[in-house]
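Here is the structure we will look at.
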Amino acid sequence: MTWETVIGLEVHVQLATNSKLFSGSSTHFGAAPNTQASLYDLAMPGTLPVMNEEVLRMAVSFGLAVDAEIGKRSVFDRKNYFYPDLPKGYQISQLDFPTVGRGSLKIQLEDGSDKIIAITRAHIEEDAGKSLHEDFQGMSGIDLNRAGTPLLEIVSDPDLRNAKEAVAYLKKLHSIILYLGISDGNMAQGSMRCDANVSMRKKGDTEFGTRTEIKNVNSFRFVEKAINYEVQRQIEILGDGGRIVQETRLYDSDKDETRSMRSKEVANDYRYFPEPDLLPVVIDDAFIDAIRATLPELPDARCQRFITQYGLSEYDADVLTSSRDMAEYFEAVVALCGDAKLSANWVSADLLGLLNKQDLNISASPISPQSLGTLISRIKDNTISGKIAKTVFEVLSDGETDVDAIIEARGLKQVTDTGAIEKLVDDVIAANPDQVAQYRGGKEAVFGFFVGQAMKLSKGKANPAQLNELLRKKLSA
Amino acid sequence: MLSKTVAELATALANKDVSSVELTQAYLDRIAQLNPALNAYVTLTPERALAQAAAADAARAAGQATPLTGIPIAHKDIFCTRDVLTACGSRMLANFTSPYDACVVERLQAAGAVMLGKTNMDEFAMGSSNETSHFGPVHNPWDQARVPGGSSGGSAAAVAADLCAMATGTDTGGSIRQPASFCGITGLKPTYGRVSRWGMIAFASSLDQAGPLSKSAEDAALMMNVIAGADARDSTCLDIPAEDFTAQLSKPLTGLRIGLPREHFSSGLSTSVQEILQLAIRKLESLGATFRDIELPNNHLSVPAYYVIAPAEASANLSRFDGARFGYRCENPVNLEDMYKRSRGEGFGDEVKRRIMVGTYALSAGYYDAYYKKAQKIRRLIKEDFDTAFKDVDLILGPTSPHTAFKLGEKNSDPVTMYLEDIYTIAVNLAGLPGMSLPAGMLGGLPIGMQLVGPALSESRLLNVAHQFQLHTDWHTQRPEV
């Protein structure tokens, strides 16, 4: 039996506002427990929510970025359930009239082809606080700093067919969010959290199978592993003639498995109804157009521009636009050195290699775009060779910043003086009479030997083009 | 002195006939004497009151007096008052000292009013007789065997018994107007959104509105001048310019068109109340008003619609009372669920629990459309009835309540009988309109009120009509012998 995997993702993105969705409390991460909880966040009797307009702008900008219908009239609803980290006993969310309606985004599959993933909706809601179960002698502590932080919950259609597609979708979403600057996207801190709905069906079926929802997945890698685990688990059950139970499952990254959460969590009736403390949010075309006008260039558009403007390959353009920081870094390098191809090579090969090795984000790169741009300029103006440049790059990666000073201090400057190179050539020819005879006898391949010898003699500093020219001239004489 | 209106007291204070400290002390003395029998106040703040009074006298001496400077008032215990118990008539909040002031409290304080204390009320404003209060019922000053009405019963009784010059109340389905009627005073429920709900403990958010309970329409206007107006902390509070509600008080009633809803003068209303209203109508006619019959065809649906919408909202509004952060927590909870169940089970009274259950049911999957959604449709129809009526008339007049104050214990065994108490007032909340009750006559030694309802934001007109009526009648000046 061949099974087809069906995946839909619900992604919660914490919006990077200064204050909470409905109160003036700070949203800054990492403060001492309950120091960022106002009267409203504590659900004090008589307190009321006031909508943070910045949240609306961010949600609309996301909607525009994924070509979504924008809800001109969005309505907040109360989602009722009891939990200690939910002080009001209800979460304010959007049920029937979300701010962002149907949209889509494009992902690239492993074979290089594109696939469009439909976005069902994206709605604004408040985050809950945190329950802390350790250090309280059998009791639980509640930290309400996070309570009321604005979230955008982005729901996809069940268009994803395997874990890799799910990760590609998530990465694309992550990239768009960072391009828009509406979230820091930090998955480890919970700024972007993913729930995956996974079901299986026989290949060719049009009906969906029973799904499970995997909660609490907080990295791209874990999303992939959690889905793969869940797919295997479901295939085994179905293969044995069993049935999948619709339930919420928790991914445990330590054990690399999903396990069932208490069924109580699933059986909730949230008793949604319109939030009477807030008026419907009504926006007009002018509001939307004003946001559209300030949208940054998004990954897909930037990728296209890199191909046409810089003549990059689709692959390079894709890599270099995968994050806004990366694209900005690349463009800063190009602006300095004027050579897009060389810049692309240095950024995508050397720099990314270095960053991967040190597990750093490009925003934390030890080498600034100014340094890298200068370095490439020095290759272009023949101050150093490409090979010497690698040495300079290493010095830069150790924390030095002044390219010219490095070249100067270490005497790495390329030898371009014709007289000096001529002397090198003469010395090499004189020292290797056998090889000279071979070359002159027609063995063209020996030429490389002379280049190597001369370079070695110059400690790599001889200008390769001049050296080649002189060698040929002298050997042919 | 203590039976004077706010307007009269303001004059007395301005003329230095009395100081605010003297006046405040006089009210405190009368409260000490009468409150044990009436139970109108649940919390007294004498020290704070005298300090505020002294500050008010100083402000007056410095030439900074406003009409309410130094006027002793009472707040319904639904308004949060900083550092003062705010119990909302419930065991759940019997230990709750608010960390902040409600907008209404803040504004009255800033205007120089003196807070004497907090008044008794039905638990979480759920009741029409004040009998659901955790702190015991309030006794009607006209007859202590009778209820003062509810839920703002403590405020109404305090004003009627001269235990304060004026009081704040809230009205979700009639909670200002019906006790005003039962206690023979003037009560105004403003247009929804006129007065900020910030700091007012929510019962049903889309219906709740704060307003004055006073000895005259003029006094109500004076309080409205202070409490009404935009507040950025309440998104449903209307962002409209401040209004001087006293400006139109003296306007003659010539040309005023008043509608009499057939539905309010039908079989449910006793002949004696009808007769009293007829006398009031004739009085207003003599002042220049004309009357015509109108129809509010969906009025009979207002009680059932209300008892879906209000409990639904309440069921969510009261979820925060879970024993976790403030308020009542049961002894030795064994786990989270036990804490929730027992804290709420022990902290809430029967009527509150009944409404939470009704509201939870109405919002449940499978019942939402049949109850909540349908009730919202009816709400729209009721509003449209008023819109249609106000095409032909300026105001609507009718009874506030079907009868005078009933006896304690008479109706509290059957919730539905109690719910029907608000049959004339509830539609006004559902439509978000301003309504007021003012004394229209006496029946068997008990006061009876009439209700005036106007289109949205017509408070000035309502107050004008009430004031003109009061200039030519003395029902509002009658005081009980306590």
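Against the longest principal axis of chain A, how steep is helix A:464-476, in degrees 0 to 90 to the nearest 10, with axes from Cα atoms? Here the helix axis deviates by roughly 30 degrees. Taking every C-alpha pair closer than 8 Å and separated by at least 6 residues, the mean separation divided by the residue count of chain A gives a relative contact order of 14 percent. Kindly express, to the nearest 10 degrees and within the range 0 to 90, the angle between helix A:369-380's C-alpha long axis and the longest C-alpha principal axis of chain A. Approximately 30 degrees, to the nearest ten. Rounded to the nearest 10 degrees, the angle from helix A:386-397 to the longest Cα principal axis of chain A is 40 degrees. Positive-end ranking of B:Leu443, A:Thr321, A:Ala445 along the dipole of the protein assembly as shown, with charges on Cβ about the Cα centre, is headed by A:Ala445.
The mean number of partner chain beta-carbon atoms within 10 angstrom of a residue's beta-carbon across peptide B:320-329 is 5.
Taking the DSSP beta bridges with both ends in chain B, the antiparallel portion is around 70 percent.
Within segment B:152-194, whose backbone N sits under 15 Å from a point 7 Å along Cα→Cβ of B:Met1? Of the residues in segment B:152-194, B:163-165 have backbone N under 15 Å from the label point off B:Met1. Per residue, the average separation of C-alpha pairs within less than 8 Å and at least 6 apart gives segment B:1-124 a relative contact order of 30 percent. Mean residue ellipticity at 222 nm, helices only, chain B: -11000 deg cm²/dmol; runs of at least 4 DSSP H residues each add -39,500 (n - 2.57), and the sum is divided by the number of residues.
For the protein assembly as shown, the antiparallel share of DSSP beta bridges with both residues in that region comes to about 80%.
I'd like the distance separating the alpha-carbon centroids of segment B:273-300 and segment A:397-451, in whole Å. So the separation of the two Cα centres works out to 113 Å. Rounded to the nearest 500, the 222 nm mean residue ellipticity of chain A from helices alone is -12000 deg cm²/dmol, with -39,500 (n - 2.57) taken per DSSP H run of at least 4 residues. Length gained on full extension, A:Asp252 to A:Lys380: 40.9 nm, using 0.36 nm per residue less the C-alpha separation.
Contact order for chain B, expressed relative to its length and based on alpha carbon pairs under 8 Å spaced 6+ residues apart, stands at 18 percent. Highest mean first, the peptides B:295-306, B:59-70, B:77-88 sorted by other C-beta atoms within 10 Å per residue fall in the order B:77-88, B:295-306, B:59-70.
Throughout, read-outs are computed from the coordinates displayed, never taken from laboratory work. Predicted model only: the values in this text are computed from it and were never measured. With ideal geometry, Cβ positions are generated from the backbone for all residues, glycine too; neighbour counts draw on all protein chains shown.
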